[in-house]
Amino acid sequence: MADARDGGLICPHCGAEVQADHDFCADCGEVFEDGLVCSRHATKPAAGVCIVCCLPFCAECGGRIQDRFLCGDHDSLEIFEGMARIFGFGNAAEAEFAKTSLVTAGFHPFVFSRKASPISMGAPEYTLFNPSGDYDGHFVNEVKLLVPCQEVQSAVKKLRELHFIA
C-alpha cells in the first residue's frame, strides 16, 4: 500500500485513505492482513471483508458488486457513494422524520429523492407512463433513507425500535 500524506495508507484497490492499523479498506472491502479467513469457512482464505457487517468472507460467501465487497446477506443493498439504502418512503416528510430520529440516536443518515416530475401526480411508485422500479430492480420514485454502510445494521435495528420497519 502507498503512504498517504497524513500518515495513513492508500488502498491499492480503490485508492481510499485508510489507517495504517486497519485490516481492510472500509470503502471497498479489500483485505490487507495475510491469513484472514472466512467467517463461515475457517479453512478458506478471505477474499474480502463485507463493507456492511465488517466480517471476512471467502469468494463462495461474498463478492464484489460495483467494486465493493459484500457478503451474501448484504449483496442486494442499494449503495450510493458509500451510503446504503435502509428504507424507502412515499413522501419526504416521513423520510425527514426518520432521518431526524436517526440523527438524534447518533447516526449519520441522508435522504435521497429522485421523485418523478409532477406528471406522476404524486403517486409514490408509478408515473403515468412507466413503473418507477426500472432502475436495477429498485424503486426509483421513492424517497430513500441512506446511512453509511457500516451503520446499516444498527440503524435498521433502531428503525425497528421506532416502528418505522416491521
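Bear in mind these aren't lab numbers, they're just calculated from the coordinates by the rules spelled out. Keep in mind that this is a model prediction, so the values were computed, not measured. Here Cβ is always computed from backbone atoms with ideal geometry, including for glycine, and neighbour counts include all displayed protein chains.
Structural remarks
- Packing, taken as the mean count of other beta carbons within 10 Å per residue, orders the peptides 10-16, 34-40 from highest to lowest as 10-16, 34-40.
- Multiplying the residue separation of H108 and I10 by 0.36 nm and removing their Cα-Cα distance gives an extension gain of 32.8 nm.
- Applying both filters, DSSP loop and at most 10 other Cβ atoms within 10 Å, to the GluC sites (Glu not before Pro) of the range 1-107 gives E81.
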